[in-house]
Amino acid sequence: MYALVAENVSKTYENGTNALKGVTLSIEEWDFFALLWANGAGKTTFIGIMTSLVSKTGGTLKIFDHDIDRDPNNAKLRLGVVPQEFNFNMFEKVIDIVTDQAGYYGIPRSEALPRAHELLEALDLGNKKNAVARTLSGGMKRRLMIARALIHRPRILILDEPTAGVDVELRHGMWKYLKHLNEEEGVTIVLTTHYLEEVEQLCRHAAFIREGAVILNDTVKNLLSHQQNTSYRIETESLSSDLPVNRYGLRAIDETTVEATLSRSDTINDLVALLSEKGIVIKNINPKGNRLEELFISK
Ligand SMILES: Nc1ncnc2c1ncn2[C@@H]1O[C@H](COP(=O)(O)OP(=O)(O)O)[C@@H](O)[C@H]1O
Ligand SMILES: [Mg+2]
């Protein structure tokens with residue numbers, strides 16, 4: 001049984017932007033799947049189509065065999081979505097945000113309330129149930145969105161960049177919960193992410209989509225075995241404004257950190273020499289040890 005089957009799904013926005021050019025993708029029940037797309041590649045558009053917030057221009061999409069056009073209610077019942085942007089009422093109480101969501105699925109309040117309490121406890125928001133959403137930290141707001149998405153016990157949970165802006169420690173807590181959902185409760189999980197270590201840690205399959213079409217779809221294990229390059233994270237005193245971004249895939253991470261990707265023929269010495277030439281004082285260099293990221297960059 002497939003949790004999701006997309007056939008030739010396309011989207012052209014009214015302004016002419018061709019965000020999806022025919023995405024064909026099947027995700028099996030129980031999988032933990034990553035959609036790895038570069039920024040602007042169409043991830044949020046694709047998720048918007050699944051939830052009917054965005055109308056597709058072409059193609060078909062089925063959730064557990066229920067066509068989102070012909071059988072939208074059954075498709076929606078099986079689908080939980082955690083959108084990229086916070087979209088709850090910031091002035092509402094946490095418990096109400098989760099409980100009220102049940103109304104969309106015709107779940108009576110008497111049933112929704114204990115479920116909401118259970119979810120908030122599980123997501124470490126037990127002591128925030130009566131807080132107003134606005135007062136929560138970013139990580140807590142993200143977890144609130146997950147609790148809300150699970151109120152109707154969906155069989156597939158889609159998360160659009162769930163750990164963007166969530167600090168490392170909290171990210172690990174969230175991973176643990178998602179793993180539990182997948183392994184213990186049998187929920188199929190699909191996430192989009194920029195953090196490729198997330199894919200290594202969590203996912204069994206991943207698809208890379210470029211310019212609106214699938215360019216790679218494989219097990220994470222197979223994807224990892226194709227790696228060619230090695231990436232390094234370099235801590236500096238400060239970065240110069242003319243970082244030579246066209247060399248070694250150099251990319252600034254923040255004001256003092258830069259990452260570089262060396263192919264087999266490059267040496268660290270060459271990289272150090274280049275940075276020194278630009279007046280950049282290096283404090284530390286560490287291998288990033290994220291092979292999926294290498295793969296992504298090399299595509
Ligand atoms: N409402 C919209 N109207 C027009 N263009 C849009 C709209 N939403 C997104 N786009 C464009 O569609 C493309 C894909 O965007 P998006 O789905 O947000 O990508 P991602 O989530 O992968 O960053 C981008 O070029 C974006 O600018
Ligand atoms: Mg997006």
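The values are calculated or read from the model by the stated rules, or taken from the named source; none is laboratory data. All figures in this text were calculated on a predicted structure; none of them were measured in a lab. Note: ideal-geometry Cβ built from the backbone for every residue, glycine included; neighbour counts use all protein chains shown.
Please work out which residue is nearest to residue 81 (Cα to Cα), limiting yourself to the stretch 155-173 and to residues that are surrounded by fewer than 21 Cβ atoms within 10 Å (Cβ to Cβ) and away from ligand 2 (no atom under 16 Å from the Cβ). Checked the stretch 155-173; the qualifying residue nearest to residue 81 (Cα to Cα) is 155. Looking at the stretch 44-159, the helices (runs of 4 or more DSSP H) lying wholly inside it that each contain 1 or more residues that are more than 28 Å from residue 27 (Cα to Cα) sit at 94-101, 109-122, 138-149. In summary, residue 35 fulfils each of the numbered conditions (1) within 12 Å of ligand 1 (Cβ to nearest atom); (2) closer than 30 Å to residue 185 by Cβ; (3) out of contact with any Lys or Arg (no Cβ under 7 Å at 6 or more places or on another chain); (4) assigned to a strand (DSSP E or B) with the single exception of condition (3). Among the residues of the stretch 49-65, those that are out of contact with any helix residue (DSSP H, G or I) (no Cβ under 7 Å at 6 or more places or on another chain) and of a type in the set (A, V, I, L, M, F, W, C) comprise 49, 50, 53, 64.
Residue by residue, here is whether (1) under 25 Å from residue 39 (Cβ atoms); (2) touching a Phe, Trp or Tyr at 6+ places or on another chain (Cβ under 8 Å); (3) in contact (Cβ under 8 Å) with a residue 12 or more places away in the chain holds:
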| position | (1), (2), (3) |
| --- | --- |
| 170 | yes, no, yes |
| 189 | yes, yes, yes |
| 196 | yes, yes, yes |
| 203 | yes, yes, yes |
| 206 | yes, yes, yes |
| 225 | no, no, no |
| 235 | yes, no, yes |
| 241 | yes, no, no |
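Considered as a group, the residues in the stretch 56-67 that are touching a residue at least 12 places away in the same chain (Cβ under 8 Å) and surrounded by fewer than 22 Cβ atoms within 10 Å (Cβ to Cβ) include one that is nearest to ligand 1 (Cβ to nearest atom), and that residue is 57. Residues in the stretch 271-299 that are among the small types (Gly, Ala, Ser) and at pLDDT 65 or above: 273, 276, 279, 289.
Of 187, 220, 199, 245, all but one fail to be modelled with pLDDT of 85 or more, β-branched (Val, Ile, Thr) and more than 21 Å from residue 23 (Cβ to Cβ); the exception is 187. Can you name the residue in the stretch 47-105 that is within 16 Å of ligand 2 (Cβ to nearest atom) and either among the β-branched types (Val, Ile, Thr) or not assigned by TED's automatic domain parsing to the domain that holds residue 124 (or both) and, of all such residues, is farthest from residue 3 (Cα to Cα)? For the stretch 47-105, the residue satisfying everything is 54.
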